[in-house]
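Student: This structure is in structure tokens; I'll ask about it shortly.
The values are calculated or read from the model by the stated rules, or taken from the named source; none is laboratory data. Since the model is a prediction, treat every value here as computed from it, not as a measurement. Backbone-built Cβ (ideal geometry, glycine too); neighbour counts: all protein chains shown.
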Amino acid sequence: MKTILLNGSPKGNVQSSGSYILAKAFVSGMKAPCEIRSIYGEDRQKLLQYISQFEQVIFITPNYIHSIPARTLAFLYDLPKGSEGQSLGFIIQSGYPESKESEISSRFFKRLADRLQYGYLGTVVKGECAGLAIMPERFGKLEKKFAELGAWYEEHGHFDETYVRDFAKPYAISKPMALLLNMTNPIGNILGWHKIMKANDAYHSRRDMPYLD
Ligand SMILES: Cc1cc2nc3c(=O)[nH]c(=O)nc-3n(C[C@H](O)[C@H](O)[C@H](O)COP(=O)(O)O)c2cc1C
């Protein structure tokens, strides 16, 4: 089983990309070496050509604006028809905790694999990952789970359903929780974002709308 991971974050394969951090955790659980390439910063046609030698291609991408980054989407649109034994898998990680944020993308991934006649390894959706690159020390447990997912994948050739179900929780937050978050959000802004903005001398321009004109 020859697998490659493709990082769909515009940040590329750098430590500030949550996708890259999770991709590394995933392959750390695998015994065979597994390459992680970045879609951004590489020539699309050359990378498409390169991945054609792999049996399994796993995309790990962030959710950007309820979808996925544009160049990653364009890359998927350019995928050729799959040949015998080739499969696609997808991991999408997002900032908001609800996996419904990524539901449209998940459905699209499955349909794409079917239409292009690839096997389908599944789609993992994981929310609440915005802090991954900023506070990696708080995400040790998640990285360990991704390493376990990688190990299970290598052994079985697809994603473990139990993990997929677990990562996807919550599908949607409850109404009381949404109410509570709406009430506490302003406090969070003051303690969190405002502090970061002040530290970066950006507090005074927090209401700027440079693209409005
Ligand atoms: C431009 C932009 C748009 C985003 N849009 C969403 C969104 O619609 N829903 C969501 O849950 N997270 C959203 N996020 C949060 C990212 O999915 C999250 O921070 C992710 O971990 C970033 O991964 P990366 O570091 O690999 O790019 C957005 C982040 C950025 C920078």
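Student: Criterion first (surrounded by fewer than 16 Cβ atoms within 10 Å (Cβ to Cβ) and under 20 Å from Leu6 (Cβ atoms)) does Lys144 satisfy it?
Tutor: no
Student: In addition: Considering every residue within region 45-59, establish whether at least one is in contact with a helix residue (DSSP H, G or I) (Cβ under 9 Å, 6 or more places away or on another chain) and within 16 Å of the ligand (Cβ to nearest atom).
Tutor: Yes, some residue in region 45-59 is in contact with a helix residue (DSSP H, G or I) (Cβ under 9 Å, 6 or more places away or on another chain) and within 16 Å of the ligand (Cβ to nearest atom).
Student: Shifting gears a bit: When you go through (1) part of a loop (DSSP other than H, G, I, E, B); (2) at pLDDT 95 or above; (3) within 16 Å of the ligand (Cβ to nearest atom) one by one for Asp201, which number turns out not to apply?
Tutor: The number of the failed condition is (3).
Student: Could you look through region 174-191, keep only residues that are modelled with pLDDT under 90 and within 18 Å of Lys100 (Cβ to Cβ), and pick out the one that is surrounded by the most Cβ atoms within 10 Å (Cβ to Cβ)?
Tutor: Filtering region 174-191 for residues that are modelled with pLDDT under 90 and within 18 Å of Lys100 (Cβ to Cβ), the one surrounded by the most Cβ atoms within 10 Å (Cβ to Cβ) comes out as Leu181.
Student: Given region 80-192, what helices (runs of 4 or more DSSP H) lie entirely inside it while holding 3 or more residues that are under 14 Å from the mean Cα position of the chain (by Cα) and within 16 Å of the ligand (Cβ to nearest atom)?
Tutor: Of the helices (runs of 4 or more DSSP H) lying wholly inside region 80-192, those with at least 3 residues that are under 14 Å from the mean Cα position of the chain (by Cα) and within 16 Å of the ligand (Cβ to nearest atom) span 103-115, 140-156.
Student: Return yes when Ser67 is polar (S, T, N, Q) and touching a Pro at 6+ places or on another chain (Cβ under 6 Å) and no when it is not.
Tutor: no
Student: Give region 14-29 a look and list any residue that's surrounded by fewer than 17 Cβ atoms within 10 Å (Cβ to Cβ) and either within 13 Å of the ligand (Cβ to nearest atom) or not small (Gly, Ala, Ser) (or both), or say none.
Tutor: Val14, Gln15, Ser16
Student: Based on what the data block shows, is Ile65 under 18 Å from the mean Cα position of the chain (by Cα) and closer than 19 Å to Gly122 by Cα?
Tutor: No: the conditions fail for Ile65.
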